[in-house]
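First comes the structure, then the notes that go with it.
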Amino acid sequence: MNKYINLVIPEHLHQQLKKHLFPGDGMEAAAILLCNRYEGKRLKLLAKDVITVPYDECKSRQNDFISWPGLYLESAIDAAEAASMSILLVHSHPGGLLDFSLQDDESDALTIPSLYQGVTAIHGSAIMVPDGRLQARIYHEGVHARIVDLVSVPGDNICLWRADEEVTQSKVIAFTSGMTACFSHLTAAIIGVSGTGSIVAEQITRLGFGKILLVDDDHIEEKNLNRILNSTWVDASLNKSKVEMFACAVAKIRGEKIAIPVHKSVFSREAILMVADADIIFCCVDSYQGRMVADLISSAFLIPLLDVGVKIPTHIEPEDGRKITDVSGRIDYVKPGGTTLFDREVYTSALLHQEMLSKTQPALYQEQLAQGYITGIQEEAPSVITLNMRAASACVSEFIARCFPFREDPNAYFARTRFSLAGADEDYYKEDSFVKRSNSLLAEACREPLLGFPELRATK
């Protein structure tokens, strides 16, 4: 297997693993990860559940050895069999060695074949050290081991542990060349490459991301030229797609094969599965449906999500007419397993229904599009690039802060940021400011129907 391999563990499962694997007695402990898979450009193992192995069920627990009880291997096989899930046998290295020992090799030689006999899937093992870092490996045909290239935990802090890195992420300082080197291994998906999205894409390009997926089904128009970066009158006259235009701009800055244009609606199977390969999603759309799809992709494929929006609400004064009430922006960071955009009511069932009705009434829909930025005013070419710049910068800076924390307060305090240019202030909302609903889609990958929509089901 030559594909790049990525193990993704939601923060709550990682915390559960760490708590169990290091009980404080200095002895090795064991647990089992059950993972769904997505095979796109890379192989993603998406941790869905943890089975903890009771300490007294292990015949031998030493500071450098543990024996696996057969009963729990059988339990894992039973739990994984119906959905052909992957099983990872995880144990701790209390001494801090982030590498597989000869004893680990011998243990895997006894246990891994039984997993392959029980479930037709890809299986492997992993080790965790006291600071929470993991290294994992999978076995091809149950025999040949292959180290997992990247283990990621997309939580309040986004942890990225590469098997071949010389300097660990925790040693890298934000805004340095070390940060650029880290980003060079990541894939970013930008949904919506217009006023705000083009500015996000520009920053991501110059920050050195290895791959940039550009998703948008719209074309450049003359009215867009005052706010979409890199767009020109020639692009508008040729009716060039936004993603093709920006991919060409990226090629001039970084060279070919960095940007991948996806000229499709994000509510399409092809676009969704391409975004599923990403390490981070930036949602820069102005539709509720677009935000819903980005939210569902984040949950199903365990991808952290940043959603950005801007507004200029107005009001009418009896003597002076229409006035600006505020010039504002919102940035939401969604960690897989945490509160979703739906939980935070960025979109609701009622808003989705209203938006769908507007699309069946073209005149009303066009009116709503025209009022997308400045409420109460039909403005074909709103001059909002400064507001978009402010919001896009805050959005990308939020991602940097998650990977390389630099704020005085914990990142959990910044699940949502709202800023007001009229009021000259910012408000921050903690993760626990929102009520978390049950999320049955979490780590489900591309189980049919995709994202739960019958119309996205694979065709035969």
Percent of alpha carbon pairs in the chain separated by more than 44 Å? 17
Between A145 and K19, 0.36 nm times their residue separation minus their Cα-Cα distance comes to what? 42.6 nm
Between E408 and K430, what is 0.36 nm times their sequence separation minus the Cα-Cα distance? Round to one decimal in nm. 6.5 nm
Relative contact order, percent, the chain [alpha-carbon distance under 8 Å, six or more residues apart]: 14
I'd like to know how region 1-86 sits against the 2.2 N^0.38 Å rule of thumb: what's its Cα Rg over that expected value? 1.21
Region 1-47 to region 414-460: how many Å between their Cα centroids? 22
Tell me which GluC sites (Glu not before Pro) from region 405-437 have a DSSP coil assignment and no more than 14 other beta carbons within 10 Å of their own. E408
Cα→Cβ-extended label distance, 7 Å offset, between A251 and S101, nm: 5.3
Would you mind computing, in nm to one decimal, how far apart the modelled labels at W233 and Q117 are, each placed 7 Å from Cα along Cα→Cβ? 7.5
With a cap of 15 neighbouring Cβ atoms within 10 Å, and only residues DSSP puts in a loop, list the chymotrypsin sites (Phe, Trp or Tyr not before Pro) found in region 160-205. F175
Contour minus Cα-Cα distance for E455 and D164 (0.36 nm per residue): 100.7 nm
Per-residue HN-Hα couplings for region 40-52 [Karplus 6.51, -1.76, 1.60; θ = phi - 60°; Hz; x = Gly/Pro]: x, 5, 10, 9, 10, 9, 10, 5, 9, 7, 10, 10, 8
With a cut-off of at most 13 other beta carbons within 10 Å, and DSSP calling the residue loop, which GluC sites (Glu not before Pro) in region 222-306 qualify? Please list them. E256
In deg cm²/dmol, rounded to the nearest 500, the helical mean residue ellipticity at 222 nm of the chain, built from -39500 (n - 2.57) for every DSSP H run of length 4 or more, is -9000 deg cm²/dmol
Given an 8 Å cut-off on Cα distances and at least 6 residues of separation, report the relative contact order of region 39-116 as a percent. 26
Each label point is 7 Å from the Cα along the Cα-to-Cβ direction; what then is the distance between the points at D326 and S60, in nm? 6.4
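We did not get these values from a lab; they are worked out from the coordinates using the rules stated. Just so it is clear, the model here is predicted, and its values are computed rather than measured. Note that each Cβ is placed from the backbone with ideal geometry, even for glycine, and that neighbours are counted across all protein chains shown.
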